[in-house]
Amino acid sequence: MLGFLFIYLAGLALIIWLELPALVKQKQWREVAAFSGLVLIGSYLSISMILRLPTPNPNVLIEAIFGPLSKMLEAALSGG
Amino acid sequence: MIVLLLLTPGCWSRKEINDLAVILAVGLDQEPQSNQLRLTLQIAKPKSLTAGTKQAGFGPGQKPTWIISGTGDTIFEATRNLATESSRDLYWGHTILLVMGDRLARDGVNQVLDFFARAQQPREIMWIMVTRGKAEDILRSHAELESTPAQRIGFLIRSKTGLTVNLKDFVTMMTKTGINPAAPEVGLATVGLSELKKLPGPDNDEKGDQGNRKNEMPPQAKLTGTALFREAKLVGWLDRKETRGLLWLKGEATKGIITIPCPNHPKEKLSVDIMRGSTEITPSIARGKPVFTIKIKMEGDLKEVHCPLPLGEPATIHHLEKEFARDMEERVRGTFYKIQKQYAVDVIGLGNHFYRRYPQEWKILAPRWEKVFPEVGVEFQVQTSIIHSGFLTEPLEPWK
Amino acid sequence: MKKPVKLKFGSKGTKVKNANSYAQKEEPPGEEKCSLGLSSSLEENLGHLREIFAKSTDIIFRDFTIGRWGRLRAAVVYVDGLINITDVNENLLKAVMLEMPMAGNDQDLTKLDVLQKIKDSAFPLSQVKEATLIEQVVDAILSGDTAFLLDGYSTALLVGARGWETRSLDEPATESVVRGPREGFVETLRINTSLIRRKIKSSDLKIEMMKLGRATQTDIGIAYMENLATQELVSEVKKRLQQIDTDSILESGYLEEFIEDNPYSLFSQVNRTERPDKVAAGLLEGRIAILVDGTPFALIVPALFIEFLQASEDYYERYMISSFVRLLRYAAFMVSLLLPSLYIAITTFHQEMLPTDLLLSIAAQREGVPFPAFVEALLMEISFEALREAGIRLPRPIGQAVSIVGALVIGEASVSAGIVSPAMVIIVAVTGISSFIVPNYAMAISMRLLRFALMILAASLGLFGIMAGLIAIVIHLATLRSFGMPYLSPIVPTHPAAWKDTVIRTPWWTMLTRPPLIKKGNLHRQRPYTRRWPGQEQGGEANGRKNKN
Amino acid sequence: MLEQGKISGRQAYLLIINVILATAILFVPAIVTSAAKENGWLAAILATAVGVVISILIANLGLRFPDRNLFDYLGDIVGTIPGKVIAFLYIWWFLHMNALVIREYGSFLVVAFLPETPISVFNFSILILAGWTVKQGLEVICRTNEIFLPLILVGLIVLFLLAVPEMDFRWLLPIMEHGVKPIVHGAVIPISWYGEIATMLMIIPFLKQPQNFRKIQNLAVITIGIFFTMVVLGTVAIFGPELTPRFIFPTLNAARIVNIANLLERLEPIVMAIWITGAFIKITFFYYVAALGTAQFLNLSSYRPVVYPLGIILGAMSILIHPSILELEHFLGKVWPVYAISTFEVGLPLLLLLIAIIRGKRGKT
């Protein structure tokens, strides 16, 4: 697990090293902010994936909304 | 790159080819007492299999295969037990053959087939067979021309002399409505020299002890007939001749020989080689009952004629064709009688034909098909034609 | 860069620096050249030249007098070995020293513009130029011209009597053919341009010259067909060449790296050839050839991926045979790229893909081999590459011996020693042979590198690794451009019209148009129905049938 | 515009085909036959017909603004803030859909070929490759697709031709035994795949001739329909209507049973190659669309800085979102179609189109 974490961090460092300096140099602060924000979200997800932390799963919500609909459709189509 | 290299060794799915125990054939039996599965694996020993050039054949002690067997409640469990015995990883990707003992087959095969259909390594095209007795014995048998019994049986099957059923066919037949599965039966027989050896002494029976018959062939695997299943359970057998009839019924016979007596000299025989044929099954409903017309068309060549016949006359040929058709029809009827009346298993798939034609009626019939099938009326129409007669027209006859 | 320049010219300060022709390149472009003019004193001019050429023993200064009483002093300066000495002796020195004085009297000599007279009537040589700057004179001398200086004139005559040892026209070593011309380029640019001119006798063929390399002053020829090559392409090539500011251009390979679109790519985006016919064919398709003095290799731009898999002989041999050979070549290309990695992937990950008998046979062969298949393959491939390299660098007879020893002895011995399996030897050998089928050396080299990369991928991820590698290669190829042309065209972006000469080669009479890559001028190579002569009304296709009847 | 490249009509055609066909081809026979049994091919045809309708809807919306993409004119149609909300939802959808595809991709490779390799290896390695490709731009994606798709299609055709000896077309009878309902049922999921052409709303302005888009898209949908039908017919003829839906990847199993004269056996590599390349391009395209959308959403000057961060999110999502392949199958089979069709594929585009018509919004031309 720690091995994966290490690989992930190495990869992350590589990406930051590849992307960020050019953006900072060109003073594209908006891009820098977007980049950092997305990296943070990604890191949160990845690290919780690697360390098997509980993560909110949007599928639960989707299933809650659309599951009944799907069941209705199923019922309508499979009868007869 | 270096990271990649460091990551890879040992783990994941990487296995060197010489670290594999290549399973050529699998035998499945049921233990008489515990009802556990007994799994027998025939594993190739590559060195002795391919050593032909260096050592000029393998010596008596150098068997080309290694046979191990183990037991377990599921196949996978048995496999795990065997894996501890094998120094190499068991590898299923090249399994040619799956032989099941009749005890297991009578108990039902769908549970054991699940493993083979689910796993990634075993192929769907491995041949399925049933044996009377223990599957283990078939795997331990001898093969003369081929190096292993598995390959021997594989070649036997490919020559299409009997029913050929692979895992996919069997599973399809098993899951499909209105058809019951059938699989070839394999048995042990002393072939070749056995005819000669029959003359001298009393030890000509099949179970004769090996010690007395050093120069004789050990028994080899042979296709001996057909095993009939109802759903997934073995219920009966057909012999070789009946198997041929079954093949015609299923429309799978592409080759085969029919020998009929000459029309004018009943003692003499003539042989016809079937080159191609087709079977057409037409269901219909008569008085609320399903009725089937089975139309078999065969084309054959004259191969051997023992009696003087005016073959130049078209009438003779027509007559021969009729005889030929009658003989076939007899055999087909015999087979059909056996599967319909004796075992009541619809291995031809008449129910399925009916379902395709009359889906609505089938819904009512399907649950009772087992009861209905023995009663259905069947009409046979056999049409045969003789196309070629070899290099000769009239048969050879001494000058009178 | 400045150090050697100064060394060459001593420490003589600004004057020398001004006269220094090499300094010119260091100035920012667009600024006017400042150079020292020749003075009217011969002494002074010779002094300058001697200073410039100090410690250069191969520069010959020959001063002499002209006229019956030797009133006019003159000198010739040349580089020994770069001139045709007979020409200079017979037609230059003899003309002015012996024949001129006979023609008129001394009076004439003093009154007239002697230099003009000499130029007009004394030198029986076709290439005579005038020069007024020392820099021009130095350049000319270094390029092999002979400078003729006359006292009292600030103009020098540059006489073109070049002549040096050259290799005779030879069969190109890297691109030999069974059918086709057997002459290849040589190291002299002039000969090379003449070879092209002999193929294309059209006034549309332009060969522009430029000099590159501050020290080497290498002549570069840019050849193109004015009516076929687009103006943008020509100016793009010139622009890229002019951007080059380097010390030396010793081979066209230097240029290649300077002008490539993507220098980080493994794939060569510039085609190189030794064959004048290939250059001519390229020019006639609207491409541009760059010839470099001192090397027999010409560059052709733009280059496309598939061209690296085509040989010029494809166009000379019967089209069916050529097409077959092309297909064979594509297959060989794939084999040499993929075979070892496929072998590794299949034997270590996907054994089910082998037929049973083959699997058992390979397993038996590998019995006792101590290495995993990947290491085994790596070992063999590396030794194969080493052998190939050894074979190239060594003198030819020894090279062959090395190959034989390597291939036979080592291969056989390592198999019987059980270090490698015979199957692996076969794989490596087939790979090797296939890689020789790829006609272009540049492509063969990149493939060799990629082969190793794919082997590593195969060893770590099996067929998935190979597929991922192939995808990456294709994507990379799809991004590449060669002078604005997508590298993979005409495959993608698709130009079906150009496919007649892609996978297979269709007969010449069907290739009515030039490849539509270069959209300018007359696209038509030939009239439709070129094969129309009495009895051929149907056009070419009917021909075969007619002949049979 | 954040994308300078232009793609030709042919490239767009091939791209649409791949985006829908690539993943569907493996699953379609099992899914349509599970409900429609022998008549799975009819379900495939029905789905194609509905696909054409969706395609017309998408084209109508997209071509109202031929020089702008969905995110550009969203605000114009519904106002800035609702526009941003819808844009955000779409970004989520692109990411979610892609995470599912990546998950399927990895699962397939693990189940079928390399069972002991962790799935994250495949997911992340394909994402690295895809991220790199996305940075090269749409043109490169299209060109790569232009190379691979014809090979994929030829491979599929060859595969099914070689499997013809194993086929028994009687399995396809009887027709319409249980009426229309099972067929409609079987068609629901394929319709949700056809609905993925909604992603094209993002790239219509990058076509060289956007006005041809309608024709191209319909043609592509019909081509896909032909392949769907072929694959369904083929696999059902091989395995029968009872066995086919039990497989997860029937097309793969079809390849496994091919045996031509004991010489050509085990054509799984063809399926694997088809899958790896086809799905790769699909993943890359969705990835590209997500990156482009994110950049537009955040008003960035280029989409390239967000490519790798999005890749990290995608990689993590692809693994987090479903613990097992059976759950993935359940979600894909039961929830996904309703969710995707009702919202992103038909619902929102239809709504947008109606509002645009009512408010009389339209772009240049």
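The values are calculated or read from the model by the stated rules, or taken from the named source; none is laboratory data. What you see is a predicted model, and the numbers here were worked out from it, not measured in a lab. Glycine also receives a Cβ, built like all others from the backbone with ideal geometry; neighbour counts cover every protein chain displayed. The accessibility values were calculated without ligands, DNA or RNA, using every heavy atom of the protein model including side chains. Shrake-Rupley method; radii C 1.70, N 1.55, O 1.52, S 1.80 Å.
Taking the range D:79-104 as the range and being open to solvent by 30 Å² or more (accessible area, probe 1.4 Å) and not basic (Lys, Arg) as the test, the residues that pass are D:THR80, D:ILE81, D:PRO82, D:VAL85, D:PHE88, D:LEU89, D:TRP92.
Would you check which residues across the range A:27-74 are among the hydrophobic types (A, V, I, L, M, F, W, C) and closer than 19 Å to D:ALA340 by Cα and list them? So that I can check it myself, show each step before the final result.
From the range A:27-74, those among the hydrophobic types (A, V, I, L, M, F, W, C) are A:29, A:32-35, A:38-41, A:45, A:47, A:49-51, A:53, A:60-62, A:64-66, A:69, A:72-73; that's our starting set.
A:VAL60, A:LEU61, A:ILE62, A:ALA64, A:ILE65, A:PHE66, A:LEU69, A:MET72, A:LEU73 - these are the residues of the range A:27-74 that are among the hydrophobic types (A, V, I, L, M, F, W, C) and closer than 19 Å to D:ALA340 by Cα.
Note on the range B:209-238: residues that are among the aromatic types (Phe, Trp, Tyr) and either under 10 Å from B:VAL347 (Cβ atoms) or modelled with pLDDT under 85 (or both) amount to 1.
Given the criteria under 19 Å from A:LEU38 (Cα atoms) and either among the polar types (S, T, N, Q) or touching a strand residue (DSSP E or B) at 6+ places or on another chain (Cβ under 8 Å) (or both), does D:ASN299 qualify? Lay out the reasoning, then the answer.
Working: under 19 Å from A:LEU38 (Cα atoms): yes; either among the polar types (S, T, N, Q) or touching a strand residue (DSSP E or B) at 6+ places or on another chain (Cβ under 8 Å) (or both): yes.
Yes; evaluated as a whole, the condition is true for this residue.
Any residue at all in the range D:47-61 that's touching an Asp or Glu at 6+ places or on another chain (Cβ under 7 Å), touching a residue at least 24 places away in the same chain (Cβ under 8 Å), farther than 29 Å from D:ARG359 by Cβ and not in a loop (DSSP other than H, G, I, E, B)? Checked against the condition, which is being touching an Asp or Glu at 6+ places or on another chain (Cβ under 7 Å), touching a residue at least 24 places away in the same chain (Cβ under 8 Å), farther than 29 Å from D:ARG359 by Cβ and not in a loop (DSSP other than H, G, I, E, B), the range D:47-61 yields no hits at all.
Per the listing D:VAL180, D:VAL236, the residue uniquely open to solvent by less than 10 Å² (accessible area, probe 1.4 Å) and of a type in the set (A, V, I, L, M) is D:VAL236. Among the residues of the range C:345-360, those that are within 8 Å of chain B (Cβ to nearest Cβ), more than 9 Å from B:ILE17 (Cβ to Cβ) and without any contact (Cβ under 8 Å) to a residue 60 or more places away in the chain comprise C:GLU352, C:THR356, C:LEU360. Among the residues of the range C:458-481 satisfying the criterion of being open to solvent by less than 10 Å² (accessible area, probe 1.4 Å) and facing chain D (nearest Cβ under 7 Å), which is nearest to D:SER107 (Cα to Cα)? Checking each candidate, the answer is C:PHE464. Annotation note: Cβ proximity below 7 Å between a residue of the range A:43-66 that is more than 7 Å from every other protein chain (Cβ to nearest Cβ) and a residue that is open to solvent by 60 Å² or more (accessible area, probe 1.4 Å) (sequence gap 6+ or interchain) occurs for A:ILE50/A:MET1; A:ILE50/A:PHE4; A:LEU51/A:MET1. Note on the range B:246-281: residues that are touching a residue at least 24 places away in the same chain (Cβ under 8 Å), open to solvent by 30 Å² or more (accessible area, probe 1.4 Å) and β-branched (Val, Ile, Thr) total 3.
Hey, can you tell me all the residues within the range D:297-312 that are farther than 14 Å from D:SER125 by Cα and open to solvent by less than 20 Å² (accessible area, probe 1.4 Å)?
As a first pass, look at the range D:297-312 and keep what is farther than 14 Å from D:SER125 by Cα: D:297-307, D:309-310.
Correct list: D:LEU300, D:TYR303, D:PRO305, D:VAL306, D:VAL307, D:PRO309, D:LEU310.
Scanning the range D:292-313 for residues that are assigned to a helix (DSSP H, G or I) and free of Cβ contacts under 8 Å to residues at least 40 places away in the same chain returns D:PRO305, D:VAL306, D:PRO309, D:ILE312. When the range D:138-175 is filtered for residues that are surrounded by fewer than 19 Cβ atoms within 10 Å (Cβ to Cβ) and more than 20 Å from D:ALA254 (Cα to Cα), the ones remaining, listed by number, are D:PRO150, D:PRO174, D:ILE175. In the set (1) within 19 Å of the chain's Cα centre (by Cα); (2) in contact (Cβ under 8 Å) with a residue 60 or more places away in the chain, D:PHE124 fails one condition alone, (1).
Taking the stated definitions as given, is C:LEU158 surrounded by 14 or more Cβ atoms within 10 Å (Cβ to Cβ), under 27 Å from C:VAL79 (Cβ atoms) and more than 29 Å from the chain's Cα centre (by Cα)? It is true that C:LEU158 is surrounded by 14 or more Cβ atoms within 10 Å (Cβ to Cβ), under 27 Å from C:VAL79 (Cβ atoms) and more than 29 Å from the chain's Cα centre (by Cα). For C:ARG272, the test of being surrounded by 21 or more Cβ atoms within 10 Å (Cβ to Cβ) and touching a Ser or Thr at 6+ places or on another chain (Cβ under 9 Å) is passed.
The residues of the range D:28-47 that are surrounded by 23 or more Cβ atoms within 10 Å (Cβ to Cβ) and under 20 Å from the mean Cα position of the chain (by Cα), listed by number, are D:VAL28, D:PRO29, D:ALA30, D:ILE31, D:VAL32, D:THR33, D:GLY40, D:TRP41, D:ALA43, D:ALA44, D:ALA47.
For beta carbons closer than 9 Å, sequence separation of 6+ or different chains, a first residue in the range C:243-260 that is free of Cβ contacts under 8 Å to residues at least 40 places away in the same chain and outside the structural domain of C:ASP293 (by TED's automatic domain parsing) and a second that is surrounded by fewer than 16 Cβ atoms within 10 Å (Cβ to Cβ) and part of a loop (DSSP other than H, G, I, E, B), there are no qualifying pairs.
Looking at the range A:69-76, can you tell me whether even one residue there is small (Gly, Ala, Ser) and within 10 Å of chain D (Cβ to nearest Cβ)? Scanning the range A:69-76, I find at least one residue that is small (Gly, Ala, Ser) and within 10 Å of chain D (Cβ to nearest Cβ), so the answer is yes. C:VAL335 satisfies every condition listed in (1) at pLDDT 85 or above; (2) buried (at least 22 other Cβ atoms within 10 Å of the Cβ); (3) touching a helix residue (DSSP H, G or I) at 6+ places or on another chain (Cβ under 6 Å) except (2). Does the range D:188-201 include one or more residues that are farther than 19 Å from D:LEU156 by Cβ, within 14 Å of another protein chain (Cβ to nearest Cβ) and in contact with a Leu (Cβ under 8 Å, 6 or more places away or on another chain)? For the range D:188-201, residues farther than 19 Å from D:LEU156 by Cβ, within 14 Å of another protein chain (Cβ to nearest Cβ) and in contact with a Leu (Cβ under 8 Å, 6 or more places away or on another chain): present.
Scanning the range D:105-120 for residues that are open to solvent by 20 Å² or more (accessible area, probe 1.4 Å) and either more than 14 Å from chain B (Cβ to nearest Cβ) or assigned to a helix (DSSP H, G or I) (or both) yields D:VAL110, D:VAL111, D:ILE119, D:SER120. Report whether or not B:ILE125 is more than 25 Å from C:PHE349 (Cβ to Cβ) and either among the β-branched types (Val, Ile, Thr) or within 14 Å of chain C (Cβ to nearest Cβ) (or both). So B:ILE125 does not fit the description; no.
Residue-by-condition table, conditions (1) assigned to a loop (DSSP other than H, G, I, E, B); (2) charged (D, E, K, R):
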residue: B:LEU246; (1), (2): no, no
residue: B:PRO263; (1), (2): yes, no
residue: B:LEU270; (1), (2): no, no
residue: B:ARG276; (1), (2): no, yes
residue: B:LEU311; (1), (2): yes, no
residue: B:ARG326; (1), (2): no, yes
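Taking the conditions (1) touching a helix residue (DSSP H, G or I) at 6+ places or on another chain (Cβ under 6 Å); (2) touching a residue at least 40 places away in the same chain (Cβ under 8 Å); (3) open to solvent by 20 Å² or more (accessible area, probe 1.4 Å) in turn, D:LEU320 satisfies each one other than (2). In the range B:101-167, counting only helices (runs of 4 or more DSSP H) that sit wholly within it, the ones holding 2 or more residues that are within 13 Å of B:LEU28 (Cβ to Cβ) and either hydrophobic (A, V, I, L, M, F, W, C) or open to solvent by 40 Å² or more (accessible area, probe 1.4 Å) (or both) span B:102-107, B:110-118, B:135-139. Residues that are open to solvent by 30 Å² or more (accessible area, probe 1.4 Å), part of a loop (DSSP other than H, G, I, E, B), on the phi < 0 side of the Ramachandran plot and among the basic types (Lys, Arg) occur in the range C:192-208; there is at least one.
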